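Please read the structure below before turning to the comments.
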Amino acid sequence: MAALGKIRSRGVTLIVIIGFGLFAFIAEEAFRSCESSRNNARQQVGEILGEKISYEEFAKLVDEAQGAMKVMGQENLSDDQLNQLRDQIWQSYVQYKLIEKECDKLGLTVTDGEMQNVLNEGTNQMLLSTPFVNRQTGRFDANQLKQFLAQYNQIKTSNPQAADQYEAIYKYWTYVEKSLRQQLLIQKYNGLLSHCFLSNPVEAKMAFKESSEESNIQLASYPYSSIQDAKVKISDSDLKAKYDEMKERFQQYIESRDIKYVDVQITPSAADRAALLKEFNGYAKSLAAAADPTEVVRKSTSSVAYLGLPVGKEAFPNDIAAKLDSMSVGQTLGPVETKNDNTLNVIKLVAKQELPDSVQFRAIQIGGATPDEAHTRADSVYNALAAGADFATIAKKYGQEGSEQWLTSRQYEYSTTMDKDTKNYLNSLLTMAPKEMKNIATTQGNVIVQVLDRKNMVEKFTAAVIKKTIDYSKDTRSAIYNKFSAFVSANQSLDAIQKNAAKSGYNVQEARDVTTAQHYLAGIHSTREAMKWLFDAKQGDVSPMYECGTNGDNLLVVVCTGVHPIGYRSLDDPQVKEMVKAQVLRDKKAEMLMAKAKGVTSIAAAKAKGAVVTAVNQVTFSAPVFVSTTGASEPALSGAVYSAKVGSFFSRPVKGQGGVYQFQVVSRAKNATKFNEQQQEAALRQKAMQYAGNYMNELYIKAKVVDNRYLFF
């Protein structure tokens, strides 16, 4: 009982303690929940219409597109190309999702029957990129597709070796089919929208009159530049009033950030260049002395492979190709520096000859238990063919078709490696005459080839090239890295960085309105980590030092100088204030100039008041007149001229973009253009559609699209 009394006597204290405990428990759970939501958000590439798109979902779309590109022969995309592909996929995905929702409201769909009609017609550009095009008609052949799909289902179980190739084509077709359905739905929606815009003969006649009626005027211009900015007084209330008037211009639909940054490029030192030049002088001597430059090029680790085959100039880098014509066979040129790709180069021209760009041939491969057995068989086959035996018949005896085929330069010119047998085989094909037959021995057996035709004789070059980047040494990198690292550590504020950068030889640069849609911060490659830091940073934060750049040869430090959330940019924003001030300045100058022009009743009087008088011809209502005196296009002036009478002086000052104007219409006449009602109505509909084209932007804004791709790519 005593214990119970103690508890009762301290009831308030216990309630407070229990309350704090419960609050701590709830707060901890809330924190965990927020952290979990934050982590989940970071696994999402974006959001459209409230629907979250995961990384896995978006990566699958990219993989599908890459697979399709591989089937079309586009492989090994660069970082820039891959980013461009991701952008296209994202934009297409967003556009489709937005229009799909609108189509759901309207009941618009693409039926299987409509798809089949497009396939049967066979002219859609997307279909013409598939392997199912009839060579005779140049159209997509739906029957070829049906045959392929039937073969695909059989080959999956009966022929594992061919299954991979069929699988790649099947995936490509499913990608095309899905894309085609989406394209047709978008076209259907756009078609419905376009039919909402109509024109009529009355409107067409009015528009024609506005464009064909031309006025010649005497123009009196009072340029805003004639008044010095310092003579115009602008108050805070003026700025506030103009800001309220212009506020809608400053609405921001995605978050952006301003930065200042220091970017240091790691470049070779004079000692690095001297060492590389010495190395290349050695290469030049070795190439000049070598009968076969293969080993010299291999040991040099040149970025240009030596095939020992004659190839066209286009197979060489542009800087090398530009020098080949002026070189003589056997000459060694270099070392030569190429600024564009930052390389040193040595070139030896081994041979120059006229050879076919394309060779038609047929071949029979002869094998045996041993190379000697293969050679013996090949000799027998060659003798039989030389005596008049049928090529195709003998080929079939060896399980081959012996059919005609073409070898083109592109099939071998861009190879990076080539064995001795392949080199010998290709050299033979390139140099053999039409109808000539040859028995070519290889390490595995023999190949009997017969050249049937040669086309497009071009000049080809056999050239050994040693090309290497003028790179920095480890010591150079360490020295630059250590210096910049020390600078970043010692300057942890924007003021300090700006104060001390020049002393250390660095330049502070600026970038405004950086958004998450950008792949590279300040245009520097491999800056994803810096982007992630930036959109978590607060204004004034200084980043750690980042190693970035295409080859890791940039060092970067970033300061977040401004955060612009979704909503209206305020008048305190320097960019906004500058725009508002410019408008207020123009308005006040216009008031001063209009007061100056008050009471002017003729061109001569306007000139006496300081106006610049010029003749302006062919002024129409349909296009803004360009005034050379003020350097501005003036739509308001075009409207005023159209409404004025011929011969009268328009004394009411016209406020324009570059100044204030008065004028007199000297003459007015119609130009030689003839009225075509149908063409005019079509042009008006097209113009209306261009204005309506902003509907995608409206849908995008309402969909509250979130783009977090910068977290992953």
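So the values come out like this:
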item: Amide H contacts of T561 (H built 1.01 Å from N, under 5 Å, at least 5 apart or other chain); result: D258, I259, K260, G540
item: For the chain, share of DSSP beta bridges that run antiparallel, in % to the nearest 5; result: 100 percent
item: Shape call, segment 568-695: gyration tensor on alpha carbons, a/c limit 1.5; result: oblate
item: Rounded FRET efficiency, nearest 0.05, which uses the C-beta distance separating D79 from N190 and R0 of 30 Å; result: 0.35
item: Local electrostatic count, A611, Cβ distance below 14 Å [Lys/Arg +1, Asp/Glu -1]; result: +4
item: Hz values of 3J(HN,Hα) by residue in segment 82-89 - Karplus curve (6.51, -1.76, 1.60), Gly and Pro given as x; result: 5, 5, 4, 5, 4, 4, 4, 5
item: Spacing of the two label points (7 Å from each Cα toward its C-beta) at V133 and N507, in nm; result: 4.8 nm
item: Extended-chain gain in nm, criterion 0.36 nm per residue less alpha-carbon gap, S478 and I89; result: 136.0 nm
item: Fraction in percent of alpha-carbon pairs per bin - 5 Å, segment 198-322; result: 2, 6, 6, 7, 8, 6, 6, 6, 5, 5, 5, 8, 8, 8, 9, 6, 1, 0
item: Pair E373, Q444: separation of 7 Å Cα→Cβ label points (nm); result: 1.7 nm
item: Scaled radius of gyration (Cα, divided by 2.2 N^0.38 Å) that segment 541-596 gives; result: 2.03
item: Solvent-accessible heavy-atom area per residue, rounded to whole Å², over segment 511-623 at 1.4 Å; result: 50 Å²
item: Calculated SAXS-style log₁₀ I(q)/I(0) at q = 0.18 Å⁻¹ - segment 251-353, Debye, Cα scatterers; result: -0.93
item: Segment 508-561 versus segment 115-153: alpha-carbon centroid distance in Å; result: 48 Å
item: Fraction in percent of alpha-carbon pairs per bin - 10 Å, segment 128-242; result: 9, 17, 14, 11, 14, 11, 12, 9, 3
item: Relative contact order of the chain, defined on C-alpha pairs under 8 angstrom at six or more residues apart (%); result: 22 percent
item: The chain, accessible surface, carbon-and-sulfur percent (1.4 angstrom probe); result: 51 percent
item: Neighbourhood net charge (11 Å Cβ-Cβ; Lys/Arg +1, Asp/Glu -1) for V705; result: 0
item: Cα pair distances in segment 362-496, grouped into 10 Å bins until the bin that holds the longest one, percent each; result: 9, 28, 21, 10, 7, 8, 8, 6, 2, 0
item: Tilt relative to the chain, helix 112-121 - C-alpha long axis, 0 to 90 degrees, to 10; result: 60 degrees
item: Pair A275, Q400: separation of 7 Å Cα→Cβ label points (nm); result: 5.2 nm
item: Long-range amide H partners of V625 with built H, under 5 Å; result: E634, S638
item: Options (1) 1.40; (2) 1.03; (3) 1.23 - which one matches Cα Rg over 2.2 N^0.38 Å as calculated here; result: (1)
item: Computed [θ] at 222 nm, helices only, for the chain once each DSSP H run of length n ≥ 4 contributes -39500 (n - 2.57); result: -15000 deg cm²/dmol
item: Relative contact order for segment 422-505, counting Cα pairs under 8 Å that sit 6 or more residues apart, in percent; result: 16 percent
item: Residues S211 and A595, FRET efficiency given R0 of 41 Å [Cβ-Cβ distance, rounded to 0.05]; result: 0.70
item: Hull-based mean projected area of segment 643-713, where the convex hull spans the alpha carbons, in square nanometres; result: 11.0 nm²
item: Folded to 0 to 90 degrees: helix 11-42 orientation relative to the chain principal axis, Cα; result: 50 degrees
item: Environment charge of E459, counting only residues whose C-beta is closer than 9 Å and scoring Lys/Arg +1, Asp/Glu -1; result: +1
item: Estimated vicinal HN-Hα couplings, Hz - segment 629-646 in sequence order (Karplus 6.51, -1.76, 1.60; Gly, Pro = x); result: 4, 9, x, 10, 8, 10, x, 4, 5, 4, x, 5, 4, 4, 8, 7, 7, 5
item: Other-chain or far-sequence residues with amide H under 5 Å of S358's (modelled H); result: K455
item: Karplus 3J(HN,Hα) series, Hz, for segment 700-713 with 6.51 cos²θ - 1.76 cosθ + 1.60 (x for Gly, Pro); result: 4, 5, 5, 6, 6, 5, 10, 10, 10, 4, 4, 6, 10, 10
item: Extension gain, D341 back to N424 (0.36 nm per residue minus Cα-Cα distance, nm); result: 26.6 nm
item: Cβ-Cβ FRET estimate between K670 and N200, R0 fixed at 25 Å, reported to 0.05; result: 0.70
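The values are calculated or read from the model by the stated rules, or taken from the named source; none is laboratory data. This one's a predicted model, so the numbers in the text were calculated from it and none came from an experiment. Counting neighbours? That spans all protein chains shown, and the Cβs are built from the backbone with ideal geometry, glycine included. Calculation scope for accessible area: heavy atoms of the full protein, side chains included, ligands and nucleic acids excluded. Shrake-Rupley method; radii C 1.70, N 1.55, O 1.52, S 1.80 Å.
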